[in-house]
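Note sheet for the following structure.
A short reminder: the numbers here are calculations on the coordinates, not readings from a lab. Computed from a prediction, not measured in an experiment: that's the story for all the values here. Reconstructed Cβ throughout: ideal geometry from the backbone, glycine too, with neighbour counts over all protein chains shown.
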Amino acid sequence: MIAGIKTAIDLATSIKNITDDIELKAKTSELYNSIISLQNGIMSMQAENHSLLQENHSMSKKLMEIETWENEKSKYSLLEICSQVFVYARNQTDGSTEPSHWLCAKCYNQGIKSILQLKNQSVSGYYYICHSCNSEIRDYSKKKDMDIIVRRNQRGAW
Ligand SMILES: [Zn+2]
């Protein structure tokens, strides 16, 4: 590009000293081609510049999302709710007024904040679902009150 500019300047400088019409036409044509070449170079640089600006914007946005997630994820700690069943639980140490909740460990490790929702409860435990990845988590340490079920069955038997 810089070499092209120098060529155009050299041509323009040489043209003013030319007295011969044929030579003048040839040099003018050469200068014209040189200017067209420079124009194409500028357009190419503009397109490249536009692409770099878009990439920069996209990277800045991605960086901001990562920083936001890094801040958010530090508010949670890995918790074993029952043997070999893990979730991320909101730390209760930062004075948050958010209700206690758990995040899906799979989504957490992919940079997604997905709150586990109670799906149902049974004698085998409480079932939670992640609506982001559809994972189901069973907390078998908490079971639906067996006494109520036993009493209901006994009443049905009478
Ligand atoms: Zn999930």
Among Lys75/Lys113; Lys119/Lys143; Lys6/Lys27; Lys61/Lys106; Lys73/Lys106, the pairs whose Cα-Cα distance exceeds 21 Å are Lys61/Lys106
With only helices counted (DSSP H, runs n ≥ 4, each -39500 (n - 2.57)), the per-residue ellipticity at 222 nm for the chain, to the nearest 500, works out to -18000 deg cm²/dmol
Taking the convex hull of the alpha-carbon atoms of region 3-158 and averaging its shadow over every direction gives an area in square nanometres of 18.5 nm²
Rh (Kirkwood, all Cα-Cα pairs) for region 25-78, Å, reads 14.9 Å
Simple spin-label estimate for Cys82/Ser141, 7 Å along Cα→Cβ, in nm, reads 1.0 nm
Length gained, Leu24-Ser44, 0.36 nm per residue minus C-alpha separation, equals 4.2 nm
For the chain, longest principal axis from Cα atoms; helix 2-15 axis from its Cα atoms; angle between them, nearest 10 degrees, is 20 degrees
Within the chain, the cysteines whose Cβ lies no closer than 4.7 Å to any other cysteine Cβ are Cys82, Cys133
Pseudo-spin-label distance Lys73 to Asn33, built 7 Å along Cα→Cβ, given in nm, is 5.8 nm
